[in-house]
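Remarks on the structure that follows.
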Amino acid sequence: MFQKIAAILIGSLLISIGINGFLVPHHLLDGGITGIALILHYYFNFPTGLAMFLLSIPLFIYAWFYKRTYFFNSFLGLIATSIMIDWLTPLRTQFLLSIYISVILGGAIIGIGVGIMLRYKTSTGGTDLLAQFISDSISVNIGVIILIIDGLILTAGFNMLGINAFLFSSVNICIIGIITSKIAKPNIFLE
């Protein structure tokens, strides 16, 4: 239990640093619920962590009734990450690196954070939780489903981002996916 809580706190901290320190200064997106929350932040200045939490509520209600293991493995991660993202907003003006370095560092830091959480059978929930439900029901690899969902979210933000930020966000999502898969053990997602 101590290891899982430590993984949640460290993973949430890394995800929050990656988002606030490297993505937001360049108006880049992540995938999943975080990407939708960032779109809401860029368009309406809505707090990113709060948006993540609110957007995830329907998925967690579903998980509570139909897949309680998924609920328990992800809810604390969602709370910790949502709070830390909003708590660490001052980092948005601290690094101010080039977009090239920000994409690489941001993707690596977020990927490490997500990977640590998945290694200890926890996550931030969100669209990863949705992808798990879909994967369970139609027997498609969860990675393919996450990639499709992330692509749809990135495409939804295209008009706001413009072509450069869209391409850099695409690279960022790929880096996050690669690093996450290297850190997390295979086949452990919310067992």
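A short reminder: the numbers here are calculations on the coordinates, not readings from a lab. Please read all numbers here as calculations on a predicted model, not as lab measurements. Every residue, glycine among them, receives a Cβ derived from its backbone with ideal geometry; neighbour counts consider all protein chains shown.
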Find the relative contact order for the chain and round it to a whole percent, using C-alpha pairs within less than 8 Å whose residues are 6+ positions apart. 35 percent
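Which ordering of 120, 70 is given by a fewest-first count of other beta-carbon atoms within 10 Å?
Ordered from fewest to most neighbouring Cβ atoms within 10 Å, 120, 70 come out as 120, 70.
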What residue among 30, 128, 86 has the largest mean-square fluctuation in a Gaussian network model of the chain, using Cα springs under 10 Å? 86
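Using Cβ contacts closer than 10 Å as the measure, can you line up 52, 1 from fewest to most?
On the way: 52 27, 1 5.
So the ranking, lowest neighbour count to highest, is 1, 52.
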Where is the GNM fluctuation largest for the chain (alpha-carbon springs, 10 angstrom cutoff): 154, 97, 14? 97
Can you give the Rg to Rh ratio for segment 2-183, taking only C-alpha atoms and Rh from Kirkwood? 0.94
On a 0 to 90 degree scale, rounded to 10, what angle separates helix 142-156 from the longest Cα axis of the chain? 40 degrees
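What FRET efficiency comes out for the pair residue 64/residue 93, r = Cβ-Cβ distance, R0 = 35 Å, nearest 0.05?
Numbers: r = 38 Å, r/R0 = 1.10.
For residue 64 and residue 93, the calculated efficiency is 0.35.
Treat the count of other C-beta atoms within 10 Å as a stand-in for reagent exposure and order 119, 68 from fewest to most. Each step should come with its number before you reach the end.
Numbers: 119 17, 68 10.
By the 10 Å Cβ count, ascending, the order reads 68, 119.
What FRET efficiency would be calculated for the residue pair residue 163, residue 54, taking the C-beta separation as r and a Förster radius of 25 Å, to the nearest 0.05? Mind dumping the intermediate values first?
Values: r = 30 Å, r/R0 = 1.20.
Efficiency for this residue pair is about 0.25.
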